[in-house]
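Beneath this line is the structure, given in structure tokens, with notes to follow.
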Amino acid sequence: MENALQYARTNFDHFVTELEDFLRIPSISTDPEYGPDVQRAAHWIADHLRHIGIQRVDVMETPGHPIVYGEQFVDAALPTVLVYGHYDVQPPDPLELWDSPPFEPVIRDGKIYARGTSDDKGQLFMHAKAAESYMKTSGSLPVNIKYLIEGEEENGSASLPAFISDNRDLLAADVVMISDTALFGSGVPAITYGLRGLAYVEVTLTGPDRDLHSGIYGGAIENPINALARLIAGLHDDKHRVLIPGFYDHVIPLKQEERDTFASLPFDDKEWIEDVGVSNARTEDGFTVLEATTARPAIDCNGIWGGYTGDGAKTVLASKASAKISARLVPNQTPEEITEKIRAYFETNVPSTMKLEFRDLHGGHAVLVDTDSPAMEAASEAMEGAFGEKPYFTRTGGSIPVVADFKRLLGLETVLFGFGLDSDSIHSPNECFGLDRFQAGIESIIRFMHIYPTK
Ligand code: BES
Ligand code: MN
Ligand code: MN
């Protein structure tokens with residue numbers, strides 16, 4: 001292992017240069033215009049796995065973007081780690097808020113800036129570099145590894161569940177490892193044990209059959225924009241609890257023990273408030289920021305449009321108003337159940353003068369992973385070795401729906417071995433990844449591979 005660690009340190013600058021090539025590909029999965037770039041990113045990472053010596057690498061077609069599968073079989077007596085990651089990225093807009101172009105990586109103050117640095121190309125790439133470090137120094141790996149790398153994660157992973165259930169034997173493993181989450185803070189190692197789920201919908205209200213002059217008709221028309229605004233405002237009460245009937249029915253309440261642990265974590269509400277640039281947090285009554293953002297469900301409007309939004313003034317009563325709305329879920333809410341409850345809320349409350357269209361965009365289950373397993377023990381020791389202190393066990397408010405699918409379809413637990421920071425601006429302008437964390441991540445993965453077979 002020491003040789004592998006040494007190799008990773010010696011070759012670090014070269015690793016960064018290679019990552020830059022990966023980052024230059026604008027693999028934006030949600031935008032059909034970037035289809036060829038998404039393909040290119042799939043082939044880039046496949047070729048790279050071949051280049052570092054992975055025995056079997058296939059780019060497998062799906063109804064959507066390809067899945068890259070890789071496999072390094074060493075010995076049937078060794079455990080098998082299934083590494084999952086995604087080579088697709090979020091759109092970079094608004095472009096004008098980037099200090100440097102999103103697909104031209106640059107290093108400033110020890111951080112590499114580009115779309116996908118932290119989510120997830122940089123973190124995925126750590127796994128390739130850790131394996132390379134081992135193989136180049138000892139000719140082999142201390143574990144069997146399989147890679148499952150998809151290109152639709154940022155767009156709802158439409159092809160992935162079917163791929164997993166159609167390829168159960170191919171994907172058989174002892175544990176899944178994913179680096180697509182965050183540490184608890186800079187230099188504060190953490191292993192994530194909880195992810196929130198997601199229910200994402202779009203609603204459109206249609207009133208009059210065309211836009212109307214607001215002088216001629218205003219005063220006698222129920223305005224779809226006003227009505228939609230009222231419906232959205234009605235999602236919460238003044239204690240910031242969600243008013244959708246039955247929303248909390250299946251929520252597993254936070255145990256006092258877990259709340260105590262949350263309270264003991266080095267988290268400062270004031271700093272958090274300052275960092276996001278608001279004057280105060282607005283949590284569900286009785287819950288801290290950390291609880292409200294990671295262990296309690298929430299619902300928010302993600303976008304709203306209708307009528308005239310250009311420069312200047314246009315006197316118009318819009319025919320239509322639309323909104324994108326997403327709920328973050330916790331165990332044991334399900335996306336199906338919550339989507340139906342959101343639908344019922346809108347159907348019940350839509351004014352009788354209006355037509356409602358409701359679209360279910362996508363969803364994913366929340367999960368709590370088992371923290372008491374040989375793989376978790378190995379992961380914890382590995383992080384301790386790399387960071388010099390034991391990791392905290394934390395929950396995150398983000399979603400990685402495939403974790404529940406691995407459990408449901410393959411019976412596998414996942415180790416969420418992430419090295420991002422909440423302040424990496426993922427999905428935002430100026431996404432970045434600290435080179436210190438790129439390095440610590442590679443070292444942690446090398447250590448994990450070494451320790452896991454001994455557990
Ligand atoms: N890597 C993120 C998930 C994440 C975000 C984990 C923040 C930890 C902290 C992932 O790529 C992501 O963006 N997931 C989406 C859901 C997906 C279904 C589009 C999310 O959480 O919005
Ligand atoms: Mn991600
Ligand atoms: Mn993401």
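The values are calculated or read from the model by the stated rules, or taken from the named source; none is laboratory data. Note that this is a predicted model, so its numbers are computed, not measured. As a convention, Cβ positions derive from the backbone with ideal geometry for all residues, glycine included, and neighbour counts pool all protein chains shown. Accessible surface areas use protein heavy atoms only, side chains included; no ligands, DNA or RNA. Shrake-Rupley method; radii C 1.70, N 1.55, O 1.52, S 1.80 Å.
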Test for F393: is it buried (at least 22 other Cβ atoms within 10 Å of the Cβ) and either within 16 Å of ligand 1 (Cβ to nearest atom) or not assigned by TED's automatic domain parsing to the domain that holds S133 (or both): no
How many residues are acidic (D, E) and either crowded, with 22+ Cβ neighbours inside 10 Å or under 28 Å from I145 (Cβ atoms) (or both) if we restrict to the stretch 21-53? 3
Among strands (runs of 3 or more DSSP E) lying entirely in the stretch 43-157, which contain 2 or more residues that are touching a strand residue (DSSP E or B) at 6+ places or on another chain (Cβ under 7 Å) and within 15 Å of ligand 1 (Cβ to nearest atom)? 80-86, 144-150
Identify the single condition in (1) touching a His at 6+ places or on another chain (Cβ under 8 Å); (2) buried (at least 21 other Cβ atoms within 10 Å of the Cβ) that E18 does not satisfy, given that it satisfies every other one. (2)
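Go over the candidates D119, D99 one by one and state the one that is within 14 Å of ligand 2 (Cβ to nearest atom) and modelled with pLDDT of 95 or more. If you could, list the steps in order and put the result at the bottom.
On the way: D99 fails: within 14 Å of ligand 2 (Cβ to nearest atom).
It is D119.
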Condition first: open to solvent by 30 Å² or more (accessible area, probe 1.4 Å) and either among the charged types (D, E, K, R) or assigned to a loop (DSSP other than H, G, I, E, B) (or both). Now tell me which residues in the stretch 162-181 satisfy that. D166, N167, R168, D169, L170, A172, D174
Go through the stretch 380-402 and report how many residues are within 14 Å of ligand 3 (Cβ to nearest atom) and among the aliphatic types (A, V, I, L, M). 2
Scanning the stretch 345-385 residue by residue, the ones that are assigned to a helix (DSSP H, G or I) and open to solvent by less than 30 Å² (accessible area, probe 1.4 Å) total 9
Is there any pair linking a residue in the stretch 344-369 that is under 28 Å from K407 (Cβ atoms) to one that is open to solvent by 40 Å² or more (accessible area, probe 1.4 Å), with Cβ under 6 Å and at least six apart or on different chains, and which? L361/Y200; H362/Y200; V369/E413
Quick check, is S159 of a type in the set (S, T, N, Q), open to solvent by 40 Å² or more (accessible area, probe 1.4 Å) and more than 16 Å from ligand 3 (Cβ to nearest atom)? no
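Which of the residues that make up the stretch 323-344 are assigned to a strand (DSSP E or B) and closer than 19 Å to A229 by Cβ?
Across the stretch 323-344, the qualifying residues are A323, K324, I325, S326, A327.
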Considering only the stretch 404-428, state which residues are of a type in the set (A, V, I, L, M), more than 10 Å from ligand 1 (Cβ to nearest atom) and open to solvent by less than 20 Å² (accessible area, probe 1.4 Å). A404, L412, V415
Let me spell it out: the conditions are (1) outside any helix (DSSP H, G or I); (2) over 19 Å from the mean Cα position of the chain (by Cα), and N430 meets all of them except one. Which number is the exception? (2)
Within the stretch 87-98, the count of residues that are touching a residue at least 60 places away in the same chain (Cβ under 8 Å) and within 16 Å of ligand 3 (Cβ to nearest atom) comes to 6
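Filter the stretch 238-251 down to the residues that are open to solvent by less than 60 Å² (accessible area, probe 1.4 Å) and out of contact with any helix residue (DSSP H, G or I) (no Cβ under 7 Å at 6 or more places or on another chain) and list them by number.
At the first step, the residues of the stretch 238-251 found to be open to solvent by less than 60 Å² (accessible area, probe 1.4 Å) are 240, 242, 244, 246-248, 251.
The answer is H240, V242, Y248, V251.
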Answer residue from the stretch 185-213, given it is open to solvent by 10 Å² or more (accessible area, probe 1.4 Å), under 27 Å from E154 (Cβ atoms) and part of a strand (DSSP E or B) and is modelled with the lowest pLDDT among those: G185
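Got a number for residues in the stretch 108-139 being within 16 Å of ligand 3 (Cβ to nearest atom) and hydroxyl-bearing (S, T, Y)? I'd like the intermediate steps shown before the answer.
Looking only at the stretch 108-139, we keep the residues that are within 16 Å of ligand 3 (Cβ to nearest atom), and these are 114-125.
Still in the list and also hydroxyl-bearing (S, T, Y): 117-118.
Qualifying residue count, the stretch 108-139: 2.
Being surrounded by fewer than 23 Cβ atoms within 10 Å (Cβ to Cβ), modelled with pLDDT of 95 or more and under 20 Å from F419 (Cα atoms) is the requirement here; does G218 meet it?
Working: surrounded by fewer than 23 Cβ atoms within 10 Å (Cβ to Cβ): yes; modelled with pLDDT of 95 or more: yes; under 20 Å from F419 (Cα atoms): no.
No, not satisfied.
Among P101, P105, which is the only one that is surrounded by fewer than 22 Cβ atoms within 10 Å (Cβ to Cβ) and either more than 16 Å from ligand 3 (Cβ to nearest atom) or closer than 22 Å to G418 by Cα (or both)? Break it down stepwise before answering.
On the way: P105 fails: surrounded by fewer than 22 Cβ atoms within 10 Å (Cβ to Cβ).
So the residue among P101, P105 that is surrounded by fewer than 22 Cβ atoms within 10 Å (Cβ to Cβ) and either more than 16 Å from ligand 3 (Cβ to nearest atom) or closer than 22 Å to G418 by Cα (or both) is P101.
Check every one of the helices (runs of 4 or more DSSP H) wholly within the stretch 252-312 and list those with 2 or more residues that are surrounded by fewer than 16 Cβ atoms within 10 Å (Cβ to Cβ).
Numbers: elements: 256-264, 269-276, 289-294.
Qualifying helices (runs of 4 or more DSSP H): 256-264, 269-276.
Yes or no, residue by residue, for (1) touching a Phe, Trp or Tyr at 6+ places or on another chain (Cβ under 8 Å); (2) over 30 Å from Y392 (Cα atoms):
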| residue | (1), (2) |
| --- | --- |
| P245 | yes, yes |
| A295 | yes, no |
| C301 | no, yes |
| S319 | no, yes |
